[in-house]
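In what follows, a single structure is set out as structure tokens and then discussed.
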Amino acid sequence: MFNVIMCDDNKRDLQKVYNVVTNYMDNHDYKYEKYIFNDYDDSFMDIVNKKIPFKIYILDIETKSRSGIDVAREIRKKDVDSAIVFLTGHNDLGLEVLNEDIPFTAFINKFVNCENRLKKCLKNIIRKVSRNRILKIQDGCSLYTINIDSIIYITKDSYERKTIIVTDTEEFRLNKSLNFIKELLDDNFVQTHRACIINRNRTVKIDFANKLILFDNQNKIDLISNKYRKEVIM
């Protein structure tokens with residue numbers, strides 16, 4: 001799941017960006033959510049602070065109330081992984097971006113082949129994310145970096161009150177809730193039990209009658225509930 005956040009105080013430019021994003025993502029059958037803003041207001045900052053995966057920001061460098069550069073600086077304090085694409089009609093502001101110590105993905109002039117450059121930019125971002133699917137979780141003083149495709153399932157240990165991420169090679173025991181972890185994952189992960197989330201791509205068989213889930217590494221678990229049956233079979 002990709003989350004595309006667009007902000008521009010010019011309605012025509014915002015509509016242009018919206019059309020490019022919608023056409024490109026729909027034509028490639030990507031799962032995504034769109035968030036559209038005309039200013040860097042509180043609702044925009046709520047999305048910045050929200051723990052959702054794979055954010056792609058398409059930001060106007062200059063709005064009437066705030067600088068997109070300042071906003072990008074705030075984003076990077078919380079999030080070093082999301083893509084940031086700057087849009088502007090002023091080349092001098094582009095030079096200002098280059099002089100800032102803010103890692104960004106692309107700078108696009110609104111009046112120079114904007115639509116095609118934005119499509120190409122989206123293609124490169126999605127290709128990079130797909131090639132490097134990493135889950136990063138800060139837990140206390142530790143930062144865990146886990147390959148998403150290696151995750152088999154995630155479960156809750158009610159005795160230790162820890163969430164356990166089970167991968168091909170090891171288990172990560174974290175002081176995070178199951179819901180917190182779920183919010184960071186894409187639609188390939190589904191809940192099968194109040195204490196379990198599975199990676200659908202690693203699942204070989206789900207046996208509702210015998211309450212068993214078989215994975216591609218021959219692991220089996222019995223954490224399956226009829227309550228989540230509809231979510232599992234979708």
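The values are calculated or read from the model by the stated rules, or taken from the named source; none is laboratory data. Predicted, not measured: the structure shown is a model, and the values here were computed from it. A quick note on method: Cβ atoms are made from the backbone with ideal geometry, for glycine too, and the neighbour counts reach across all protein chains shown. In case anyone asks, the SASA skips ligands and DNA or RNA and just uses the protein heavy atoms, side chains included. Shrake-Rupley method; radii C 1.70, N 1.55, O 1.52, S 1.80 Å.
What is the extension gain from Asn124 to Asp139, computed as 0.36 nm multiplied by their sequence separation minus the C-alpha to C-alpha distance, in nm to one decimal?
2.3 nm
Which of the trypsin sites (Lys or Arg not before Pro) found in the range 1-92 are loop residues per DSSP with 14 or fewer other Cβ atoms within 10 Å of their Cβ?
Those that pass, being in a loop and sparsely packed, are Lys31, Lys50, Lys51, Lys64.
Tell me the chymotrypsin sites (Phe, Trp or Tyr not before Pro) within the range 1-80 that lie in a loop according to DSSP and have at most 15 other beta-carbon atoms within 10 Å. Could the numbers behind the result be given before it?
On the way: sites: Phe2, Tyr18, Tyr24, Tyr30, Tyr32, Tyr35, Phe37, Tyr40, Phe44, Phe54, Tyr57; in loops: Tyr30, Tyr40, Phe54.
Taking the range 1-80 and a limit of 15 other Cβ atoms within 10 Å, the loop chymotrypsin sites (Phe, Trp or Tyr not before Pro) found are Tyr30.
Can you pull out the chymotrypsin sites (Phe, Trp or Tyr not before Pro) in the range 164-234 whose DSSP state is coil and whose Cβ has at most 14 other Cβ atoms within 10 Å?
In loop regions of the range 164-234 (DSSP not H, G, I, E or B), the sparsely surrounded chymotrypsin sites (Phe, Trp or Tyr not before Pro) are Phe208.
What number comes out for accessible area per residue over the chain if the probe is 1.4 Å? Units Å², please.
For the chain, the solvent-accessible area averages 56 Å² per residue.
For the pairs Lys162/Lys211; Lys55/Lys136; Lys55/Lys128; Lys51/Lys120; Lys50/Lys78, flag any whose C-alpha to C-alpha distance is greater than 18 Å.
In this structure, Lys162/Lys211; Lys51/Lys120 exceed 18 Å between Cα atoms.
Could you calculate, for the range 169-234, the ratio of the Cα radius of gyration to the Kirkwood radius, expressed as Rg to Rh?
In the range 169-234, Rg relative to Rh is 0.94.
Of all DSSP beta bridges located in the chain, what percent are antiparallel, nearest 5?
Of all bridge pairs located within the chain, approximately 60 percent are antiparallel.
At 1.002 mPa s and 20 °C, plugging the Kirkwood radius over alpha-carbon pairs of the chain into Stokes-Einstein gives what diffusion coefficient in µm²/s?
Answer from the Stokes-Einstein relation: 109 µm²/s.
Taking GluC sites (Glu not before Pro) that fall in a DSSP loop and have at most 11 other Cβ atoms within 10 Å as cut points, what is the longest piece of the chain between them?
1-159
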